[in-house]
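Since the structure comes first, as structure tokens, the remarks are kept for the end.
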Amino acid sequence: MAKWSRFIISHVILDSSIFNVLHFLLKRIDRRYFLMGILNSSILMKDKYDVVIIGAGLGALTAGALLAKRGIELLIIEQNYIPGGACTSFKREDRIFDSGAALFFGFGKEGFHPERILMNSLQEELEVIPREAFFRLNFEGKIITFHKDINKFIEELKKSFPEVQEQLEKFYDYLMNFYENNIKGHEMLTSPSELTIKDKLKMLFENPKRAMNMRRLLKMSAKDIMAPYIKSKRLIEFFDMLCSSYIYCIAEETPAILALTTFTDNHAGGSYYIAGSAQTYSNTLEKAIEKNGGTILYRNKVKKILFDGKKANGILLSDGTIIKAKKIISGTTVWNLYNDLIPDDLLSKKQKNWVNSLENTYPAMVLHIAVEKSVFPPDTSPVEYYVSDSSNIDMGDITMYIPTMDDHSLAPQDEHILTVFSPAPDQSWPSPNDPEYQSEDYYQSKKKQADLIIDEIEKRIPNFRKGIRMLLIASPSTIERYTLKNEGCVGGPKQSIGQDLSNRLHAKTEWKNLYACGDSTTMGMGLPAVTVSGFAVANILLREFHKEIYKENPILKDQVSSIKSKKSYLIPDLKNVTLENVKLIARLCQHCQDAPCMANCPARIDIPNFIRRIEAGNFIGATRIIRETNPLSEICGTICSPDRLCQKHCYRNTFAKEPVPIQSLHKWISSYTANDGWSNYYSEENDKNIAVIGAGPAGLTCAYFLARLGYKINLFEKCENIGGILLNCIEKKLIEKEVVEKEISFMVSKGIKIITNREISDEEELFELEKKYDAIFLTAPLSLPDEIKNHQKITLGGRWYSENSDQYEIVESVRDGRKAAQTIHKKLNNLREKFKLD
Ligand SMILES: Cc1cc2nc3c(=O)[nH]c(=O)nc-3n(C[C@H](O)[C@H](O)[C@H](O)COP(=O)(O)OP(=O)(O)OC[C@H]3O[C@@H](n4cnc5c(N)ncnc54)[C@H](O)[C@@H]3O)c2cc1C
Ligand code: SF4
């Protein structure tokens, strides 16, 4: 038995901790291996980055976009197929549903507005639709509208509680005074828990009274600050509801500072819907990351964070891939971080007890419903909040987002789209890995809960049930599946007293080089808090990398524009793809998770993800994702026969007249971005020489990827010109010569030596090459003796073209070439194979 395997087995048996083995192996790897890239099924990436970020939730995307903008080389790894975590949207039959967040604060010009500062810092444009009111609260037969204008809101409150007007007035006087004197103008991009001692001292000396006021509040609850003013039981219940709607805690649990800020500051900044859906926001951050050279790897899960002693230095993906990093940011929950990602032997009992003592926000049931517009009373608000029992946060607390009231481009004209959520009943929902998940019992349970929620809505909107045209039910298990939020909770640990500020997960963790962001960290609810967490961690890292940090008031062009509500769904002209209408055409794509178009693309291009990027105006990201699997992008986009392939299988065919015009979009984006979207990542050159025989699509593709992985390539071609079948395509006028020449020139620009007029005609010659090269890729194989077929150094692939060959085979050859590059890289890089632990 090899020395290595004996060591591994004995070590595993002796210690039973696989991660000790990993530590040992990694130390050896560091000494023995050279820097190289990783060619996985969707992308070619580096095996070492400045920063690796776990998850593409809003906190992580914020940190990633800010760091990438300052030139930090980074990789984000996301297990889902789209960016955004709990701030995503999905489509069904031309309806766009928001999965979670749909009520956006933080975009105002007044009050605290971290999202606006973010867009301005990144110089990324975003359109938002302001709302006159945040929501309407329906309880005990009363309806209270939360107007943006705080005085109007107080008047409304006074009308609803006429018997206690004085109490209300005095309480709001206190709140507004405190806000004016202590909070307004002092909003920070760093949570108080992340302030350095120097910062804290500076604040103390600058304004001692304010510092003392804030400090005093830290130990108080919302109930404590209400006590001197609010005596009425009904009013206390009302503020309980207010706390639970904003903070998911009752007043007694809610930290006073949080209540004070949300009760006042939300009115200063106002609430918004993001034009185009919640996904538009996440897509915009993805665009900023990719524009500045960052990489996002979807459909991959981080299994462990790797350490050298107590210093984090890399991550292990579920497929066994190891990626090293100078700094690692966790955007997942505190429980996933401590219980799964950090090796158990690095955690003390105290740390384990702490993390498991944290109480989570409630797990939610979420219904996505398309309903006939006619059933809604005319005064319905874009956000309705129903409370059945004001003494409890339970299933009767229903939040109903109706984004089509702000943006009717999300659905057909006669419908409203709803995202409805409420606390899930106290029962154990199966985790997505449990066998009960997707079982009949599970479906019945989901259906029962959905029925109860719909019954509650029906009490306020008669005929609601009759008006339903589409209903999709998400349980806490569904939330967990797409966001890895433990038990499907809405927002990480509760923002309650004892779990706030210093007792939450900090941006700088207890381990060197390991940082955190997202809703397990900064105090505050929802996206503004999560955005602050992204700023906080980005600024800490920028200081450590000696780069310029971000400030609260960047003097830059304002990128957030408020627009009027959108009235209709625009139908694009499909025949003619232009810069003006390309985003609208891309909007037809339903971004299918298991996209049938992709399964039927011979080159396995990530079609939904390139079209989603076009929709977001992320043109460079869109081409890059295509070229990472198919570098002959414009050529294939021009000559491919989509009616037999992707478009034939497009999901749109099941409900609309025409499929998404995938080929037109593919062709347009490749041609529009011609010189862009080529990855400039080439690994350091290594000492391995590869011979690629045949410079058709397969040989060119294989050579291109191997050259980017640092190999030295000799590309042999028997003809005078390279291109193989592509030259025939030019002759047959299927494609312009310039297009072929341009695309090939990008592919062979670095690390590839072209040897034309050189035919490798027999086995003898092949075996001569075999002595000189570390690996050979032989394209267009005819019948070959087994000796060659099974030779360690030789990889076969590509097609042999004839008069009858069609364009389909060109795309297949590209795939063969990429696969060959993967096989050769794996063979020559067997060290990495050895360290695969799965
Ligand atoms: C139904 C619902 C409605 C909401 N409504 C609002 C609202 O209207 N307004 C508001 O402000 N907030 C709202 N929120 C809360 C808000 O959406 C979240 O607090 C916020 O989006 C969380 O951001 P995050 O950075 O913590 O990332 P998360 O959203 O938690 O995302 C984390 C990401 O990391 C990925 N990930 C985790 N672990 C790994 C791993 N090991 N490997 C790879 N990937 C990993 C996950 O797949 C996920 O995509 C709502 C939440 C829900 C669920
Ligand atoms: S193009 Fe692909 S992802 Fe888009 S709707 Fe058609 S099948 Fe779905």
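I'd like to know if segment 460-483 contains one or more residues that are of a type in the set (A, V, I, L, M), under 27 Å from the mean Cα position of the chain (by Cα) and in a loop (DSSP other than H, G, I, E, B). Within segment 460-483, not a single residue is of a type in the set (A, V, I, L, M), under 27 Å from the mean Cα position of the chain (by Cα) and in a loop (DSSP other than H, G, I, E, B). Given the criteria surrounded by 24 or more Cβ atoms within 10 Å (Cβ to Cβ) and either assigned by TED's automatic domain parsing to the domain that holds C249 or over 24 Å from S381 (Cα atoms) (or both), does P476 qualify? For P476, the condition - surrounded by 24 or more Cβ atoms within 10 Å (Cβ to Cβ) and either assigned by TED's automatic domain parsing to the domain that holds C249 or over 24 Å from S381 (Cα atoms) (or both) - is met. With respect to being outside any helix (DSSP H, G or I), touching a Phe, Trp or Tyr at 6+ places or on another chain (Cβ under 9 Å), under 26 Å from I305 (Cβ atoms) and within 12 Å of ligand 1 (Cβ to nearest atom), G491 fits the description. Residues that are part of a helix (DSSP H, G or I), within 16 Å of ligand 1 (Cβ to nearest atom) and either of a type outside the set (V, I, T) or surrounded by fewer than 24 Cβ atoms within 10 Å (Cβ to Cβ) (or both) within segment 518-539 comprise G526, L527, P528, A529, S533, G534, F535, A536, A538, listed in sequence order.
Might you check whether a residue that is more than 26 Å from S89 (Cα to Cα), part of a loop (DSSP other than H, G, I, E, B) and either more than 10 Å from ligand 2 (Cβ to nearest atom) or out of contact with any Phe, Trp or Tyr (no Cβ under 9 Å at 6 or more places or on another chain) (or both) occurs anywhere in segment 580-593? Within segment 580-593 (the criterion being more than 26 Å from S89 (Cα to Cα), part of a loop (DSSP other than H, G, I, E, B) and either more than 10 Å from ligand 2 (Cβ to nearest atom) or out of contact with any Phe, Trp or Tyr (no Cβ under 9 Å at 6 or more places or on another chain) (or both)), the answer is no, since none of the residues qualifies. Restricting I417, I497 to those that are open to solvent by 30 Å² or more (accessible area, probe 1.4 Å) and in contact (Cβ under 8 Å) with a residue 12 or more places away in the chain reduces the list to I497. Residue by residue through segment 200-234, note down the ones that are basic (K, R) and modelled with pLDDT under 90. Hits for segment 200-234 are K200, K202, K209, R210, R215, R216, K219, K233, R234. None of F746, F777, F767 is over 23 Å from R627 (Cα atoms) and aromatic (F, W, Y) except F767. Looking for something acidic (D, E) and open to solvent by 30 Å² or more (accessible area, probe 1.4 Å) - is there at least one such residue anywhere in segment 401-413? Within segment 401-413, none of the residues are acidic (D, E) and open to solvent by 30 Å² or more (accessible area, probe 1.4 Å).
All conditions but one from (1) buried (at least 20 other Cβ atoms within 10 Å of the Cβ); (2) over 20 Å from the mean Cα position of the chain (by Cα); (3) at positive phi apply to N266; the one that does not is (3). Taken over segment 551-590, residues that are over 25 Å from P130 (Cβ atoms) and not charged (D, E, K, R) amount to 14.
Select from segment 352-382 the residues that are part of a loop (DSSP other than H, G, I, E, B) and within 14 Å of P403 (Cβ to Cβ) and list them in ascending order. Reasoning before the result, please.
Start the filter on segment 352-382 by keeping residues that are part of a loop (DSSP other than H, G, I, E, B), which leaves 358-359, 361-362, 376-382.
Residues satisfying the conditions are F376, T380, S381, P382.
Screening segment 617-638 for residues that are surrounded by fewer than 23 Cβ atoms within 10 Å (Cβ to Cβ) and either at positive phi or among the aliphatic types (A, V, I, L, M) (or both) and picking the one that is farthest from ligand 2 (Cβ to nearest atom) gives I620. When G817, G798 are checked against the criterion of being farther than 17 Å from K712 by Cβ and either out of contact with any Asp or Glu (no Cβ under 9 Å at 6 or more places or on another chain) or at pLDDT 85 or above (or both), a single residue qualifies: G817. Considering the conditions (1) on the phi > 0 side of the Ramachandran plot; (2) in contact with a strand residue (DSSP E or B) (Cβ under 8 Å, 6 or more places away or on another chain), L341 is excluded by exactly one of them, (1).
The values are calculated or read from the model by the stated rules, or taken from the named source; none is laboratory data. On a predicted model such as this, the values are computed, not experimentally measured, just so you know. We place every Cβ from the backbone using ideal geometry, glycine too, and count neighbours over all the protein chains shown. When the accessible area is computed, the model is the full protein with side chains, heavy atoms only, and any ligands, DNA or RNA have been set aside. Shrake-Rupley method; radii C 1.70, N 1.55, O 1.52, S 1.80 Å.
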